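Report on the following structure.
The values are calculated or read from the model by the stated rules, or taken from the named source; none is laboratory data. Quick caveat: nothing in here was measured; it's all calculated off a predicted structure. No Cβ is skipped: glycine too gets one built from the backbone with ideal geometry, and neighbour counts run over all protein chains shown. We work out accessible area using only protein heavy atoms, side chains counted, and drop any ligands, DNA or RNA first. Shrake-Rupley method; radii C 1.70, N 1.55, O 1.52, S 1.80 Å.
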Amino acid sequence: MDSQKPVHTIVLDTGSIIRNNPTVSTLLAQSEQIVTVPAIITEIRDAATRTRVETQLMPFLTIRSPTPASIKFVTDFARRTGDLDVLSKPDIQIVALAYELECERNGGDWRLRRAPGQKGMNGKPPVKEEVKSEEKDEAKQEEATEIKQEETTEAVPEQTTTDASVQQISEDLAQTKIEAVKNTAPKEPVPAQDSQTVETPQEEADDSGEDSDGGWITPSNLKKHQEKDSAGSTESIQNVQSVLQVATLTTDFAMQNVLLQINLNLLSPTMQRVKHLKTYILRCHACFCTTKEMSKQFCPRCGSPTLTRVACSTTSNGEFKLHLKKNMQWNTRGDRFSIPKPVHGSANGRVQGGGKGHWGNDLILAEDQKEYTRHNEAEKRRKERDLMDEDYLPSILTGDRNSRAGGRMKVGGGRNVNSRKR
């Protein structure tokens with residue numbers, strides 16, 4: 001007996017396992033098999049998460065490693081899309097495992113793409129011999145039914161003519177009875193009609209009130225409204241396909257981009273199929289180079305601090321597009337005056353370099369400056385501050401307001417270089 005579950009095999013990534021979204025019961029209700037790679041389990045270091053995974057998920061989880069051929073295909077494909085530098089080894093193994101299972105379940109890679117930007121798929125679905133024999137049997141049955149219909153068509157015209165004549169006579173008799181009843185029946189009073197016309201607007205008003213009540217967002221229907229908002233980029237599994245053979249559940253944007261361009265099935269944490277993907281990348285305003293490393297502050301090609309965040313999307317056909325602003329203008333504030341020349345200071349700190357107010361001292365203008373490399377190394381070694389620590393004071397009290405979000409260092413002179421000095 002065929003299964004009624006919408007997905008046969010789900011390939012899990014680390015994010016969904018650590019966050020427990022979706023839950024194990026949801027995964028079991030929506031799929032027949034749950035698969036992942038061994039490297040994903042080793043990435044879980046939290047004791048509570050590891051205990052939960054070992055007790056709840058591991059009895060239903062199948063651990064499998066992809067073949068070297070699948071890993072090589074995904075690596076070459078990700079290199080062409082530009083996502084290889086962002087993907088880790090476990091990420092590549094997850095995509096390779098999904099590719100390998102898809103080929104096994106569908107009898108080949110006929111519904112996938114071998115290169116990014118490929119217009120059509122690799123081929124047509126394979127035709128089995130059993131299907132051909134069934135088609136021949138159906139053709140024979142259709143021929144037999146056509147012969148039986150031709151034999152019975154000779155007696156049909158006489159029956160239809162007699163039935164038509166009887167039906168015409170019955171209609172004439174019914175029409176005469178209706179006219180006689182109308183002539184003898186008394187007319188209905190007018191107020192009854194008015195009461196009926198008055199009641200209908202009241203019912204419509206009640207209906208409109210119910211609709212207006214359903215429009216409010218409350219804590220009980222918050223998740224439903226969130227699912228409606230995300231319906232533009234996701235579609236329910238039942239609407240797209242009766243049963244998905246293999247689907248990958250991940251929240252990593254680089255993995256999602258590679259999966260969609262290969263045409264592998266992708267699921268969101270709400271167990272809906274993702275068809276369109278919208279992410280952000282960095283694009284250099286000077287040389288138009290793009291990079292997917294969102295932590296970079298300097299262009300990897302020209303070395304200028306001219307990286308801007310640009311929205312990009314990947315469609316179900318594997319098309320990658322950049323969405324640029326129509327009248328985008330680069331902000332030139334702070335470029336009116338030249339940077340002051342470096343001046344050495346004194347050992348006691350009385351003499352400092354830079355211009356007025358020493359604003360040009362210790363400027364970061366390139367990625368290979370020693371100040372910038374030292375800052376990055378210190379950020380790697382720095383541990384997160386504990387808010388409950390007795391020695392910790394917020395920046396509003398200490399005056400340390402230069403620390404940026406995510407440990408990003410201030411590059412250049414800033415926006416207030418040419419502002420009025422008091």
(request) At a 1.4 Å probe radius, which order do W330, W110 fall into by accessible area, largest first? (result) W330, W110
(message) Could you put E102, E367 in order of accessible surface area, largest first, with the 1.4 Å probe and the full protein assembly present?
(response) E367, E102
(request) Roll a 1.4 Å probe over the protein heavy atoms and report the accessible area of K5 in Å², nearest 10. (result) 60
(message) Let me check something: with ligands and nucleic acids excluded, how do F77, F60 order by accessible area (1.4 Å probe), largest to smallest?
(response) F60, F77
(request) Take the cross-link list K124/K223; K292/K370; K321/K341; K5/K278; K5/K321; K72/K224 and give me the ones stretching past 31 Å between alpha-carbons. (result) K124/K223; K321/K341; K5/K321; K72/K224
(request) Taking just the C-alpha trace of the range 1-65, give me its Rg and Dmax in Å. (result) 12.0, 41
(request) Ignoring everything but the protein chains, give the 1.4 Å probe accessible area of T332 in square angstrom, nearest 10. (result) 90
(message) Multiplying the sequence separation of N20 and S295 by 0.36 nm and subtracting their Cα-Cα distance, what value in nm do you get?
(response) 96.3 nm
(request) Taking only the C-alpha atoms, wrap a convex hull around the range 75-120 and report its volume per residue in Å³ as a whole number. (result) 60
(request) Rounded to the nearest 0.05, what FRET efficiency do R79 and Q56 give with R0 = 22 Å and r taken as the Cβ-Cβ distance? Could you check? (result) 0.05
(message) What percent of all Cα-Cα pairs in the range 1-115 falls into each 10 Å bin, going from 0 up to the bin containing the maximum distance?
(response) 13, 40, 34, 13, 1
(request) For N106 paired with T218, estimate the spin-label separation in nm (one decimal), with each label point 7 Å from Cα along the Cα-to-Cβ line. (result) 4.4
(request) Mind grabbing the accessible area of H358 for me, 1.4 Å probe, Å², rounded to tens? (result) 90
